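Only one structure is covered here, and it is reproduced in the block below.
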Amino acid sequence: MKSPIAVVVLAAGAGTRMKSALPKVLHPVAGQPMLAHVLASVARLKPAKVVGVVAPKQPRVVAAFAPHVTVVQEKPLGTGNAVKAALPALSGHAGPVLVVYGDSPLITTATLRRLLDAWSRANAAVGVLGFTARDPSPYGRLIVKNGKLQKIVESKEANAEEKAIDFVNSGVMCLDSELIGWLLGAIRNDNAKGEFYLTDVVEFARDRGLSAIAVAGDEAEFQGINSRAELAAAERAFQQRLRAAAMLAGVTMLDPDTVWLSADTRLAADVTIGPNVRFGPGVSVAANVRINGFCDIEGARIGKGAIIGPFARIRPGSDVAEDVHIGNFVELKATRIGRGAKANHLAYLGDSDIGAASNIGAGTIAVNYDGYGKHRTVIGAEAFIGSNSALVAPIRIGKGANVTAGSVITEDVPAGALAFGRARQTTKKGRAGPLRAKLKARAAAAKRRQGK
Ligand code: UD1
Ligand code: MG
């Protein structure tokens, strides 16, 4: 396929069955709007032009297409009408025009390329990606004779014989830029739905001696999303794909079905992931990291050899250096934690900068919020923060400083200093026994009063 490719992405459908205020194509799959997956598959074809077809007043959908151009289909008059709306934006383009749906995020670049190549080799006017459907009833049937596509019959127009066909139209179509305007101009809407069917171009082209082909693909790639249940099914399928790719690249997953990835999750070789771990968008994990079960990580970088979890939560803006240990019930938010530092149990470290080889005791809280603004906690290298310390930000703890357990630290602690921020203990020798005797006598008197 040498000539430049243009792609039209249809996204003007109403999406009513989602029952959502969010436009359908913006619902996320694997941490990204479903449209982003379609655009990513398309981008790998290196198209000369991508045109989005959107409904009126959909600024968020228009934004999701950027930097690509969009055109507005004023009324949802059918797929043929939608592609027609894109024609002005295609002027000057010479080469294949590929039509894809914005609500079918599982389509792969390889399959699109197969269609383009076959279409080009066959010198066809129209090429269609088809598949054998388990349940063909919602789809247009592909009528193929002697290896040539004759026509596409929509379900509502199909007779009994045609209904029995299970080779169906995925909706992905390839057309010649020189013929597309003429073909679309021929489409009428005198059919069961009163719509301009894009699929009608096949029969029109054939009737005029041009050829059309159908290329078979895998049903799994053509799952469209119309409802929340189909959204969940697409998510499942996408996750399977991401997990398989990660394992192929050298990641160990103890229970892959319970690891949830984002499309942009970057996992190096020899990362080991325990059960029930979720990666939100924007995570990269270096080699030899171990992420134990039940962790939730988003918008973070994890350096080589770190050990995370179980039950750790790492929130956006965090940067965990090499060989750091983040243990159970530790939450990081917008926090940098230096090489070899440890926060092994029960801590909240928000808006913090923690020096290398520091030790953060159990129960440490970076008190980052005063009800109005967020403030930073800066801890130098090799510092020791005793258990159950509250570090009231903005605050700085110097290199090698030691904050004693149970301290509430409200003033900066210089490097090497020992800081106490707690009440002084008093110890009274030999007084435990008399106290117990007194408490016992008091309890007995109370029972007597109640007549027991
Ligand atoms: C369409 C095909 C059918 C195919 C099926 C695959 C036609 C006439 N039928 O049917 O052969 O088997 O997809 O799923 O093409 N859209 C617009 N503007 C419109 C109408 C639709 O942008 O006016 C967009 C939708 O947002 C969607 C896509 O086009 O992304 C398909 O529309 P849909 O209504 O789902 O078409 P189907 O009736 O399912
Ligand atoms: Mg549909």
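At least 1 residues that are touching a Gly at 6+ places or on another chain (Cβ under 6 Å) in each: list the strands (runs of 3 or more DSSP E) lying fully within region 369-452 that qualify.
Per the criteria, 377-379.
Considering only region 297-340, state which residues are buried (at least 19 other Cβ atoms within 10 Å of the Cβ), basic (Lys, Arg) and part of a loop (DSSP other than H, G, I, E, B).
Result: no residue meets the conditions.
Specify which of the listed residues (120, 137, 155, 170) is among the hydroxyl-bearing types (Ser, Thr, Tyr) and buried (at least 23 other Cβ atoms within 10 Å of the Cβ).
170
Considering only residues of region 152-179 that are among the charged types (D, E, K, R) and over 23 Å from residue 104 (Cα atoms), which is nearest to ligand 1 (Cβ to nearest atom)?
Initial filter on region 152-179 (among the charged types (D, E, K, R)): 154, 156-157, 161-163, 166, 176, 178.
Adding the requirement that they be over 23 Å from residue 104 (Cα atoms) leaves 157, 161-163, 178.
Working: 157: 10, 161: 17, 162: 12, 163: 13, 178: 22 Å.
Among those residues, the one meeting the criterion is 157.
Is it fair to say residue 75 is within 15 Å of ligand 1 (Cβ to nearest atom) and loosely packed, with under 14 Cβ neighbours inside 10 Å?
yes
Any residue in region 55-67 that is more than 10 Å from ligand 1 (Cβ to nearest atom) and under 26 Å from residue 216 (Cα atoms)?
No: region 55-67 contains no residue that is more than 10 Å from ligand 1 (Cβ to nearest atom) and under 26 Å from residue 216 (Cα atoms).
When you check residue 245 against the structure, is it out of contact with any Asp or Glu (no Cβ under 8 Å at 6 or more places or on another chain) and assigned to a helix (DSSP H, G or I), yes or no?
yes
Among all residue pairs at least 6 apart or on different chains, which show Cβ distances below 9 Å where the first residue, located in region 278-303, is on the phi > 0 side of the Ramachandran plot and the second is of a type in the set (Ser, Thr, Tyr)?
Sorted first by the residue in region 278-303, then by its partner, the pairs are 282/262; 282/265; 288/272; 299/318.
Could you list, in sequence order, all residues of region 341-352 that are buried (at least 18 other Cβ atoms within 10 Å of the Cβ) and within 22 Å of residue 400 (Cβ to Cβ)?
341, 342, 343, 347, 349, 352 - these are the residues of region 341-352 that are buried (at least 18 other Cβ atoms within 10 Å of the Cβ) and within 22 Å of residue 400 (Cβ to Cβ).
Can you tell me which of 448, 436 is loosely packed, with under 10 Cβ neighbours inside 10 Å and charged (D, E, K, R)?
Selected residue: 448, the only one of 448, 436 that is loosely packed, with under 10 Cβ neighbours inside 10 Å and charged (D, E, K, R).
Okay, residues lined up against (1) surrounded by fewer than 22 Cβ atoms within 10 Å (Cβ to Cβ); (2) within 15 Å of ligand 2 (Cβ to nearest atom); (3) farther than 12 Å from residue 12 by Cβ:
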| site | (1), (2), (3) |
| --- | --- |
| 79 | no, yes, no |
| 95 | yes, no, yes |
| 133 | yes, yes, yes |
| 146 | yes, no, yes |
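Please state which one of 109, 199 is polar (S, T, N, Q), buried (at least 23 other Cβ atoms within 10 Å of the Cβ) and in contact (Cβ under 8 Å) with a residue 60 or more places away in the chain.
The conditions single out 199.
Using the structure shown, decide if residue 22 is assigned to a helix (DSSP H, G or I) and either modelled with pLDDT of 95 or more or not basic (Lys, Arg) (or both).
no
Filter region 158-179 down to residues that are closer than 21 Å to residue 123 by Cβ and either charged (D, E, K, R) or without any contact (Cβ under 8 Å) to a residue 24 or more places away in the chain (or both), then give me how many there are.
2
Looking at (1) away from ligand 2 (no atom under 16 Å from the Cβ); (2) out of contact with any Ser or Thr (no Cβ under 9 Å at 6 or more places or on another chain); (3) closer than 27 Å to residue 282 by Cβ, which is the one condition that is false for residue 4?
Every listed condition holds for residue 4 apart from (3).
As an exercise: evaluate residue 219 against (1) over 26 Å from residue 86 (Cα atoms); (2) modelled with pLDDT of 95 or more; (3) away from ligand 2 (no atom under 16 Å from the Cβ) and give the number of the one condition it does not meet.
Evaluating residue 219 over (1) over 26 Å from residue 86 (Cα atoms); (2) modelled with pLDDT of 95 or more; (3) away from ligand 2 (no atom under 16 Å from the Cβ) leaves (3) as the failure.
The values are calculated or read from the model by the stated rules, or taken from the named source; none is laboratory data. This structure is a prediction, so every number in the text was calculated from the model and none was measured. Virtual Cβ from ideal backbone geometry, glycine too; neighbours counted across all protein chains shown.
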